[in-house]
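The values are calculated or read from the model by the stated rules, or taken from the named source; none is laboratory data. Computed from a predicted structure; not experimentally measured. Every residue, glycine among them, receives a Cβ derived from its backbone with ideal geometry; neighbour counts consider all protein chains shown. Quick note on the areas: whole protein, heavy atoms, side chains included, nothing else; ligands and nucleic acids left out. Shrake-Rupley method; radii C 1.70, N 1.55, O 1.52, S 1.80 Å.
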Amino acid sequence: MSDNISTGLHTHLPFVEPTEEQYLVVNALEALNLLVWRLYDEDTGYWHIQTPSTVLPLATILQNGEVVTFGWE
């Protein structure tokens, strides 16, 4: 049975490549030694990052290079 529906298998979405804009932001943060942790989510195309800054502790880098901060409560 090669039909994904009949076998119950889920088809994985194609890998979303990081954009040049995202690499510019990540590389700048690395060059300034401001990147504690990073994770690229290949399903959404977003980088999730942590920095030592109190202004930007946790953030997401969108595909257009925009940095969106968020906090855990």
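Answer with yes or no whether residue 26 is without any contact (Cβ under 8 Å) to a residue 40 or more places away in the chain and crowded, with 16+ Cβ neighbours inside 10 Å. Spell out the reasoning first.
Values: without any contact (Cβ under 8 Å) to a residue 40 or more places away in the chain: yes; crowded, with 16+ Cβ neighbours inside 10 Å: yes.
Taking the combined requirement at face value, the residue satisfies it.
Does any residue of region 41-61 turn out to be modelled with pLDDT of 95 or more, among the hydrophobic types (A, V, I, L, M, F, W, C) and open to solvent by 40 Å² or more (accessible area, probe 1.4 Å)?
No, because not a single residue in region 41-61 is modelled with pLDDT of 95 or more, among the hydrophobic types (A, V, I, L, M, F, W, C) and open to solvent by 40 Å² or more (accessible area, probe 1.4 Å).
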